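Here's the structure, in structure tokens; my notes come after.
Quick note: the coordinates plus some simple rules give every number you see, no bench work behind them. Given the structure is predicted, the values throughout are model-derived calculations rather than measurements. In this analysis, Cβ positions are derived from the backbone assuming ideal geometry, glycine residues included, and neighbour counts consider all displayed protein chains.
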């Protein structure tokens with residue numbers, strides 16, 4: 001799972017690990033600027049991210065979200081026994097923890113990420129474990145470097161989708177590289193969270209922004225260059241993008257905060273999780 005340490009919800013956000021001198025604003029950011037910002041930000045912050053969240057993510061755990069929903073229990077990709085022999089693309093893979101879980105069940109995963117440093121952490125984990133290395137590819141998810149119909153399954157746990165300026169194009173690309181009938185399952189910050197401050201305490205329970213404001217959240221340096229960009233879409237936007245790309249929505253999962261789970265992750269916390277959803281997981285099938 002690769003997710004921003006703190007999900008931005010307003011212009012006054014201070015993000016864990018983000019540049020202290022950067023200004024937080026809401027402004028447009030085109031695909032090129034967004035892609036460059038994401039690549040540079042994750043290359044700079046991959047070490048801190050893995051240090052902070054590596055224990056929660058594990059080396060070979062497939063968890064969909066900060067709520068701790070594991071694929072072993074959720075089975076959103078289908079029967080785990082049926083994964084054997086499947087060609088699987090993990091998009092925004094980070095250190096490929098999910099891909100490692102898939103490989104242990106006999107799948108043939110390819111872990112794609114825009115950040116070279118994140119993929120180096122995947123190699124580090126493989127070397128420490130003495131495992132066969134997970135196949136990794138550095139690329140932008142909106143321009144996938146694979147042939148048509150190359151995969152039986154695609155998945156993304158908080159990877160790539162929130163950081164892409166043109167997710168309609170991303171959905172079309174995923175559709176292109178999947179075989180007919182293949183599933184595409186991805187998790188993102190629940191869109192309703194964009195209306196609330198990104199705070200784990202009571203101050204994060206009052207809506208302060210419009211859910212319908214799709215203006216990107218941007219952190220920029222003194223020259224106005226974006227150093228971090230995150231894009232908001234409503235639930236309806238996501239469904240329309242999937243349908244337009246040729247997918248059929250099978251399920252929309254909104255994980256509840258589990259009892260006994262007291263670990264905070266940025267704006268995700270037991271307090272907020274008991275009241276408003278923090279994650280949306282879309283389960284779709286290619287036509």
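Side notes on the structure shown:
- Segment 183-215 - residue that is in contact (Cβ under 8 Å) with a residue 24 or more places away in the chain and part of a helix (DSSP H, G or I) and, of those, surrounded by the fewest Cβ atoms within 10 Å (Cβ to Cβ): 202
- Odd one out for residue 78 among (1) under 19 Å from residue 164 (Cα atoms); (2) touching a residue at least 40 places away in the same chain (Cβ under 8 Å); (3) in a loop (DSSP other than H, G, I, E, B): (1)
- Every residue from segment 83-93 that is surrounded by fewer than 24 Cβ atoms within 10 Å (Cβ to Cβ) and within 19 Å of residue 160 (Cα to Cα): 88
- Considering residues of segment 278-287 that are within 19 Å of the chain's Cα centre (by Cα) and not in a loop (DSSP other than H, G, I, E, B) only, the residue farthest from residue 206 (Cα to Cα): 285
- Residue in segment 124-137 that is in contact with a strand residue (DSSP E or B) (Cβ under 8 Å, 6 or more places away or on another chain), within 24 Å of residue 83 (Cβ to Cβ), surrounded by fewer than 23 Cβ atoms within 10 Å (Cβ to Cβ) and without any contact (Cβ under 8 Å) to a residue 40 or more places away in the chain present: yes
- Qualifying positions in segment 258-281 - touching a helix residue (DSSP H, G or I) at 6+ places or on another chain (Cβ under 6 Å) and within 16 Å of residue 71 (Cα to Cα): none
Rundown of residues vs (1) closer than 22 Å to residue 200 by Cβ; (2) surrounded by 24 or more Cβ atoms within 10 Å (Cβ to Cβ); (3) out of contact with any strand residue (DSSP E or B) (no Cβ under 6 Å at 6 or more places or on another chain), yes/no style:
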{"position": "59", "(1), (2), (3)": "no, no, yes"}
{"position": "66", "(1), (2), (3)": "yes, yes, no"}
{"position": "81", "(1), (2), (3)": "no, no, yes"}
{"position": "95", "(1), (2), (3)": "no, yes, yes"}
{"position": "98", "(1), (2), (3)": "no, yes, no"}
{"position": "108", "(1), (2), (3)": "no, no, no"}
{"position": "120", "(1), (2), (3)": "no, no, yes"}
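- Among the residues of segment 119-160, those that are closer than 27 Å to residue 36 by Cβ, more than 16 Å from the chain's Cα centre (by Cα) and not in a loop (DSSP other than H, G, I, E, B) comprise 120, 121, 122, 123, 124, 125, 135, 136, 137, 151.
- Selection within segment 226-277 - part of a loop (DSSP other than H, G, I, E, B) and either free of Cβ contacts under 8 Å to residues at least 40 places away in the same chain or within 27 Å of residue 175 (Cα to Cα) (or both): 231, 232, 233, 234, 246, 254, 255, 259, 260, 262, 274
- Candidate set: segment 163-182, residues that are in contact with a strand residue (DSSP E or B) (Cβ under 9 Å, 6 or more places away or on another chain) and in a helix (DSSP H, G or I); chosen: the one nearest to residue 273 (Cα to Cα): 163
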